[in-house]
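Okay, so here's the structure we're looking at.
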Amino acid sequence: MTEPLRLGIAGLGTVGAGVVKIVRQKAALLEARSGRPIAISAVCARSRVKDRGVPLDSYDWEDDPVTLAQRDDVDVFVELMGGSDGPAKAATEAALRAGKDVVSANKALLAHHGQALAEAAEASGAVLRFEAAVAGGIPVVKALTEALAGNDIERVMGVMNGTCNYILTRMESAGLSYDEAFAEADGLGFLEADPELDVGGIDAGHKLALLASIAFGTQVAFDAVELEGIGRVSIEDIRQAADMGYKVKLLGVCQMTGRGLEQRMSPCLVPATSPLGQLDGGTNMVVIEGDQVGQIVLRGAGAGEGPTASAVMGDVLDIARGTRVTTFGQPSSTLVKASPAQTATSAPYYLRLLLLDKPGALAKVAAVLGEAGVSINRMRQRSHDLDTAPVLIVTHKTTRAALDTALASMVGTGVVEGEPVALRIEKV
């Protein structure tokens, strides 16, 4: 086939500009690898006059992304605007209704509307690809939908937000408080306009929900993801974890259990010697466990112009080659609604609580844990000069439900100040 594959690109931020650069600078390579030229017909963004570091005057300009998505000279609509609703959703739906293939980097859109969009794509004979929406340049979507299609997936876990990993790494390496590391990341431009999307685990939770759908053949269920951000992790937790041979990571885990689909994004302790424990800075890592392949580890840049644009172009070239893959790896009609399981699998936990200096305080805490069926593995009380003292506890394996029961009961003991911090110790 010698006819060019014609792109309409909506969104010319960091990633959109990166895609334009690749198309312009690597035209011969792209054609050699896909068997046909890749061309840009038109683009769309909020501002026509902004300097994006790449020439745009040879492309038609559309002010409305929906109009761009419906153009006769656009074969693939490339949606890089972001946002779970609004123009991104309207334009993507318009493209699919028109039978046009869509490549998106929009994790929020897919996490909230993935099932409906997958159904729309199949109804019109189009494909919807989203490699760039999960873990930047790491080809994890392609790995799950294609390379590992012969496996029953047992567990998917990973560090999927580089900003959080940067903050936790800086807390450890430089001895910074959470607030200090947060301010440093903000100064470097690492945080989203709404920082809670990063540090609250929402951004990474979107990605986890998409991977869970592919891995377990379920409808995307972002609302069922247990979310806990890193805001309550202290430098004391970082140091205590290191003393026990662990690192603290914002870890996403999904697995199918006897009680249903478990999806959680929360700070966890992982062995310092494990691949996840050795992951520093803004890098992402996804670990996949399959019944045939065992454990594989995918590591790479999780964001940025080059890595994310690379992922977009990987999807574009698959379309140019004629590769047609359903959105979540199997027909949307076969994706089941999974019952959510709230941290059903048991694990040891690290607890930090502030104990009032009262006679029998420690005994009351131990009694509350015991009544909830939570067994203590080790306990340490730090020296203090004030009216409170930090107490660190590592439990034996327990369920989160039992632990939550114990933590709720601690409020009534009158010996605990503030809210305890509980971090799961994950087996990797």
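Site pair residue 291 and residue 363 shows an inter-label distance of 5.2 nm when each label is modelled 7 Å from Cα along Cα→Cβ.
Measure nothing but the geometry: give the 0 to 90° angle between the long axis through the Cα atoms of 400-410 and the longest principal axis through the Cα atoms of the chain, rounded to 10°. So the helix axis and the longest Cα principal axis differ by about 50 degrees.
Averaged per residue, the range 236-294 has 32 square angstrom of accessible surface, using a 1.4 angstrom probe with ligands and nucleic acids left out.
Of the accessible area of the chain, computed with a 1.4 Å probe over protein heavy atoms only, carbon and sulfur atoms account for 49 percent. A DSSP coil position with no more than 12 other Cβ atoms inside 10 Å describes the following trypsin sites (Lys or Arg not before Pro) in the range 334-415: 337, 382. Relative to the longest principal Cα axis of the chain, at what angle does helix 86-97 sit, 0 to 90 degrees, rounded to 10? Its long axis makes an angle of about 50 degrees.
A cut-off under 11 angstrom between Cβ atoms defines the neighbours of residue 393, and their net charge, with Lys, Arg +1 and Asp, Glu -1, is +3.
Per residue, the range 30-83 exposes 52 Å² of accessible surface when a 1.4 Å probe is rolled over the protein heavy atoms with every protein chain present. Taking GluC sites (Glu not before Pro) across the range 51-149, none is in a DSSP loop with at most 16 further Cβ atoms lying within 10 angstrom of its Cβ. Can you tell me the orientation of helix 14-25 relative to the chain, as the angle in degrees between its alpha-carbon axis and the longest Cα principal axis, to the nearest 10? Result, in degrees: 40.
Protein heavy-atom accessible surface, 1.4 Å probe, per residue over the range 115-163: 29 Å². Computed on the chain, with alpha-carbon pairs under 8 angstrom and 6+ residues apart, the relative contact order is 16 percent. Based on the Cβ-Cβ distance of residue 259 and residue 66, what FRET efficiency does E = 1/(1 + (r/R0)^6) give at R0 = 41 Å, to the nearest 0.05? Efficiency for this residue pair is about 0.45. In a reduced charge model with +1 at each Lys and Arg Cβ and -1 at each Asp and Glu Cβ, the chain shows a dipole moment near 900 debye about its Cα centre.
The values are calculated or read from the model by the stated rules, or taken from the named source; none is laboratory data. What you see is a predicted model, and the numbers here were worked out from it, not measured in a lab. With ideal geometry, Cβ positions are generated from the backbone for all residues, glycine too; neighbour counts draw on all protein chains shown. The protein model used for the area step is the full one, side chains on, heavy atoms only, and it has no ligands, DNA or RNA in it. Shrake-Rupley method; radii C 1.70, N 1.55, O 1.52, S 1.80 Å.
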